[in-house]
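Written below as structure tokens is the structure these notes are about.
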Amino acid sequence: MPEPITPELIQEAASGSQQAFRAIVEANQRFVYAVAFRFVHDQHEAEDITQDVFVRLWKNLHAYNAEVKLTTWLYKIVTNRCLDFLKSRHGRHRNNKVDLSLQLNVNSTSTPETDLHRQELTTLVYAAADELTPKQKAVFILRDLEGLTSDEVCETLSMTAGNVKSNLFHARQKIAEKLKNKYQTTDKSFL
């Protein structure tokens, strides 16, 4: 999660200060990229989406509502941009290649076997998430992978708490079923 940005810095950026806006970008670009990457699984596409998110932020910063956290607004922008990408012809027809080296944090006590299992599980979770509906995928990524609260997910996706809960339930159920199917026919000692 990025560092909080002060309302004064946001106001400066909204008034046209490139230096203030640069500080906002630098504080938030890693998390925006991480969210985008979780949706699209492609480094270059995630970079393009991240750049587009900050262009949209720059153009619309004058409309920022100080009652909403900037990170919530950024989650909304990046999620909408990613969903648009996934709905587009390019997003539907691209080859989903997950670059696991960008996602995994390997600790010093890991072994090649545990690293392989972790990579396999990550690949399976992302493949299962790719088969979810766009709403289910967005809720799953924001709630389970990004760690947002249910209220933050509701605000980000403009959904009711019931809709978030329902989509998350179905997303988790589908992903669990995919994992269960995979591991029932392979190494059962892993789970």
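Readers should treat all values here as calculations from the given coordinates under stated rules, not as data from a laboratory. Predicted model only: the values in this text are computed from it and were never measured. With ideal geometry, Cβ positions are generated from the backbone for all residues, glycine too; neighbour counts draw on all protein chains shown.
Our coupling estimate for region 29-38, obtained by passing each phi through the Karplus curve with A = 6.51, B = -1.76, C = 1.60 and θ = phi - 60°, is 5, 5, 6, 5, 4, 4, 5, 4, 5, 5 Hz, Gly and Pro reported as x. Debye-formula intensities of region 2-48, expressed as log10 I(q)/I(0) at q = 0.14, 0.28, 0.33 Å⁻¹, are -0.41, -0.89, -1.06 (one equal scatterer per alpha-carbon, no solvent). Note on region 115-191: Rg/Rh from C-alpha atoms, Kirkwood Rh, equals 1.04. In terms of distances greater than 32 angstrom between alpha carbons, the cross-link table entries Lys69/Lys178; Lys69/Lys180; Lys59/Lys174; Lys69/Lys137 yield Lys69/Lys178; Lys69/Lys180; Lys59/Lys174. Per the Debye formula on identical point scatterers at the alpha carbon atoms of region 118-160, with no solvent, log10 I(q)/I(0) at q = 0.17, 0.32, 0.33 Å⁻¹ is -0.48, -1.07, -1.10. Label separation (Asn65 vs Ala161): 1.9 nm, computed from points 7 Å beyond Cα along the C-beta direction. Projected label points at Glu131 and Arg22, each 7 Å from Cα along the beta carbon direction, are separated by 4.8 nanometres.
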